There are 4 protein chains.
Amino acid sequence: VGWVADVSAELGETGRLEAFSDGVFSIAITLLVLEIKVPQPTQSGEPLAAALWRQWPAFAGYVLSFVTIGIMWASHHKMFMLIRKSDHNFRMLNVLCLMFVSFLPYPTALVAQYLREPAGRKTAVEIYAATFLAIALIWYGAWRYAIRDGRLLGEHVEAARVDALSRQYAVGPAAYAIGFALSFVSPAACLVWLGILALFYALPERRSTRV
Amino acid sequence: VGWVADVSAELGETGRLEAFSDGVFSIAITLLVLEIKVPQPTQSGEPLAAALWRQWPAFAGYVLSFVTIGIMWASHHKMFMLIRKSDHNFRMLNVLCLMFVSFLPYPTALVAQYLREPAGRKTAVEIYAATFLAIALIWYGAWRYAIRDGRLLGEHVEAARVDALSRQYAVGPAAYAIGFALSFVSPAACLVWLGILALFYALPERRSTRV
Amino acid sequence: VGWVADVSAELGETGRLEAFSDGVFSIAITLLVLEIKVPQPTQSGEPLAAALWRQWPAFAGYVLSFVTIGIMWASHHKMFMLIRKSDHNFRMLNVLCLMFVSFLPYPTALVAQYLREPAGRKTAVEIYAATFLAIALIWYGAWRYAIRDGRLLGEHVEAARVDALSRQYAVGPAAYAIGFALSFVSPAACLVWLGILALFYALPERRSTRV
Amino acid sequence: VGWVADVSAELGETGRLEAFSDGVFSIAITLLVLEIKVPQPTQSGEPLAAALWRQWPAFAGYVLSFVTIGIMWASHHKMFMLIRKSDHNFRMLNVLCLMFVSFLPYPTALVAQYLREPAGRKTAVEIYAATFLAIALIWYGAWRYAIRDGRLLGEHVEAARVDALSRQYAVGPAAYAIGFALSFVSPAACLVWLGILALFYALPERRSTRV
């Protein structure tokens, strides 16, 4: 008795967790565009093209944040090919992680607004880099929690695939910690570094690291 | 004749109800960030960090509302491990509940705006606490409706699990009624209490109450 | 050859159509809250409660639009218990219908803004009622298209259930046409009528009309 | 060992890719309405109807962008009736494509704002047309990537269906390249052309091109 409901509940669990996460990822990624404001027509007769050109930090921020969230989503997707169960703690770690993901439109707007203001630039980029670092850390913590003793893994998951993903995920916190450190030295270097990371993760995978 | 369609319709029912609810939860939770406004550069040369510091009620409101909606989602998810059917009335109760969930960005912005204004602070916190209370009450009503005579429960659901969840859900209206009452006495005490509730629900569950 | 792919494509078809529609319904319903603006603190020392009280058309519009979209979603859900296939034309009718559903936040904001302005009130309510009428008409057209010769119905759907839903859906265009006509006579009467319709659809169904 | 997990992971893959894409499509399409601003009551006593009438570029832009995104979604849906697997590169191409889809509310607002300003009109329409062209190009690239050697196609997909879709998708880049070229000659001609394309794709399909 109860067996059927239990099994299907168990199976259904990551389904809704994935659906909810997909929802937050896709909304956060789509809200980014709302932070790019249409320039108002000016009296001075400045051409629209020039006004748009001055907006380049907003466009650059859109691209960097969009690609980064897209990569996180793809990574989340990979994680759930191996994770097949969920429990209360894992769901809460996931909610915590999504809290920083859906916060991203704010630091993105901050960077877009202050990148050309010498006064606030550094603070804005620090907060932007800190948000990425927070996501990487919570993500890695959630993964470690899930694989301890195979707690939330599927039945027939090979240890080699888990280890490969563990190695890959361990890079994240280190890479974004470097980005965060760079933000205190040079905002420009920090953003270039974050861009390189996004490119690195987005580029075609070598076969050996493919999961 | 019609049996196949009926059964699959029955099975499909909570699927779409859950998908629609997941949509509303994930959007409401992600819209919260839109209420945090990027501070405009000032003439006075105030550092950006100071301007952001003054925004702390917006950040605190973001965290409190995000975690609370996240907990509600997790709770909704638990509920639908036991509920396997839906009918018109239950769907309408669900829509009513979601109406207050997706209203949350407004009272959150209200608290963020008025927390440092002695004049409006109390009214803002009262409305914030009232929204939480409304959600808890409708939620509990929907659950009682669903389990009466096992109306919408799955086939093989154990009575013990239903009772455990009933006990857990009965705490919500009482806890948020205390929060609402506190908002009339002291806005600060009310917010602390709502924070404690969020932490309490988010913390690891003891084994005995796990569902 | 190709049989397996065809069948699963056929089955998958309404799945994605429903998922996309659920997305639009849940986002449109959640965006409504963004149209309620937090009142700015005033110099005149007006209490916040009074400022909120003056906002009542925004709150009333939120409730009316939210409940109406919720009912449409529930109705869409019912429709797809019987409809099991989709084709290009039906998908395009669905996109057309969703175009007016996701437009709703705009006329809702229009009514909220102009309900207390004698000059624009009538125009605002006319547009609000026209949007509801357009949805009801396209909806009914899509349903007629889907059931002609059982084109998109599931395999074992009983004719009686289709007829019951046809009768129910035929009421919509008539009811919202009355609402649209009323908006030219009296904006207040129109809104009361739209409220009655929402209540009527949201209230518990009598057994005889249940689908 | 690992076989069950691998197969279900493989099957699950396009499921989440489709869910994430559906999310972005449905959010981008619904955010369009936020770019239509409610006109403020004026002192001059201009009737609301006249103020709304002056907003016609915003309404036209809403309709054109909504229908175009709706068609893209329907097309994405068709594509995934044949594509049954995904890999890292395909997911990244998909994220790139969605980056331009979810950018659409911005050029739509740009056109709505500048269509009646002789100075900025051409620039605004150029950016609008360029966004559509970018989507069509990435889309076509993703499709070519997916079908090379049947890489990501389902098991029993008929070559004739793949070829039919290839022919259909090849039209997109050419058609939108014409639109982009037209935007440099005449913004009006460009928008009429984009409208014709939307109508052409939305109209009932002839049986021979149906997939």
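The values are calculated or read from the model by the stated rules, or taken from the named source; none is laboratory data. These numbers were taken from a predicted model, which means no experiment stands behind them. Here the Cβ is made from the backbone with ideal geometry for all residues, glycine too, and neighbour counts use every protein chain on show. Only protein heavy atoms, including side chains, enter the accessible area calculation; ligands, DNA and RNA are left aside. Shrake-Rupley method; radii C 1.70, N 1.55, O 1.52, S 1.80 Å.
One table, with the values for the structure above:
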read-out: Computed FRET value (nearest 0.05) for B:TYR145 with C:ALA49, which takes r as the C-beta separation and R₀ as 35 Å; value: 0.55
read-out: Accessible solvent surface per residue of chain B, calculated while the other protein chains remain in place, 1.4 angstrom probe, Å²; value: 42
read-out: Options C:ILE71, B:VAL38, D:PHE20, ranked by Cα towards positive dipole end of the protein assembly as shown, top entry (Cβ charges); value: B:VAL38
read-out: 3J(HN,Hα) from dihedral phi, the range C:59-64, Karplus parametrisation 6.51/-1.76/1.60, rounded to Hz, x for glycine, proline; value: 5, 5, x, 4, 5, 4
read-out: Separation in nanometres of the label points that stand 7 Å from Cα toward Cβ, at B:VAL63 and D:LEU137; value: 4.5
read-out: Within the range B:62-211: Cβ-based charge dipole about Cα centre, in debye rounded to nearest 20 (Lys, Arg +1; Asp, Glu -1); value: 200
read-out: C:TYR169, A:TYR201, ranked by accessible area, largest first (probe 1.4 Å); value: A:TYR201, C:TYR169
read-out: Cross-link pairs beyond the 29 Å C-alpha cut-off, checked among C:LYS78/D:LYS78; B:LYS37/B:LYS122; B:LYS78/C:LYS37; A:LYS85/D:LYS78; B:LYS37/D:LYS37; A:LYS78/A:LYS122; value: B:LYS78/C:LYS37; A:LYS85/D:LYS78; A:LYS78/A:LYS122
read-out: Accessible surface, 1.4 Å probe, highest first, among residues B:LEU182, B:LEU137, B:LEU82; value: B:LEU137, B:LEU182, B:LEU82
read-out: Local electrostatic count at A:PHE80 - Lys and Arg +1, Asp and Glu -1, tallied over other residues with Cβ under 9 Å; value: +2
read-out: 40 Å tail of the calculated P(r), the protein assembly as shown, as % of Cα pairs; value: 36
read-out: Convex hull of the range C:117-182 built on C-alpha atoms - directionally averaged projected area, nm²; value: 4.9
read-out: Using a 7 Å Cα-to-Cβ projection, C:GLY45 label spacings across copies, nm, ascending; value: 3.7, 3.7, 5.2
read-out: The range D:150-165 - phi-based ³J(HN,Hα) in whole Hz, Karplus 6.51/-1.76/1.60, Gly and Pro as x; value: x, 2, 10, 7, x, 5, 10, 7, 6, 4, 5, 5, 5, 5, 4, 5
read-out: Local electrostatic count, A:ALA109, Cβ distance below 12 Å [Lys/Arg +1, Asp/Glu -1]; value: +1
read-out: Solvent accessible area, Å² - A:HIS77, 1.4 Å probe, full protein context; value: 10
read-out: Sites A:HIS156 and C:ARG167, calculated FRET efficiency, Cβ-Cβ separation with R0 56 Å, nearest 0.05; value: 0.60
read-out: Size of charge dipole - the range D:136-197 - debye, nearest 20, with Cβ of Lys, Arg +1 and Asp, Glu -1, no other charges; value: 120
read-out: Selection from C:LEU48, C:GLY195, C:TRP139, by position along the positive dipole direction of the protein assembly as shown (Cβ); value: C:LEU48
read-out: Ascending list, in nanometres, of distances separating the D:ARG148 label from those of the other copies (7 Å, Cα toward Cβ); value: 4.4, 4.4, 6.2
read-out: 3J(HN,Hα) from dihedral phi, the range B:194-203, Karplus parametrisation 6.51/-1.76/1.60, rounded to Hz, x for glycine, proline; value: 5, x, 4, 4, 4, 4, 4, 6, 7, 5
read-out: CD proxy at 222 nm, helix term only [per DSSP H run n ≥ 4: -39500 (n - 2.57); per residue of chain A; nearest 500]; value: -25500 deg cm²/dmol
read-out: Inter-copy separations for C:VAL185, label at 7 Å along Cα-Cβ, nm, ascending; value: 5.4, 5.4, 7.7
read-out: Protein-only accessible surface order, largest first, of A:TRP56, A:TRP193 at 1.4 Å; value: A:TRP56, A:TRP193
read-out: Computed magnitude of the charge dipole of the protein assembly as shown (debye, nearest 20; Cβ of K, R +1, Cβ of D, E -1); value: 540
read-out: Cα-based shape type of the range D:10-148, given that a ≥ b ≥ c are square roots of the gyration tensor eigenvalues and the cut on a/c is 1.5; value: prolate
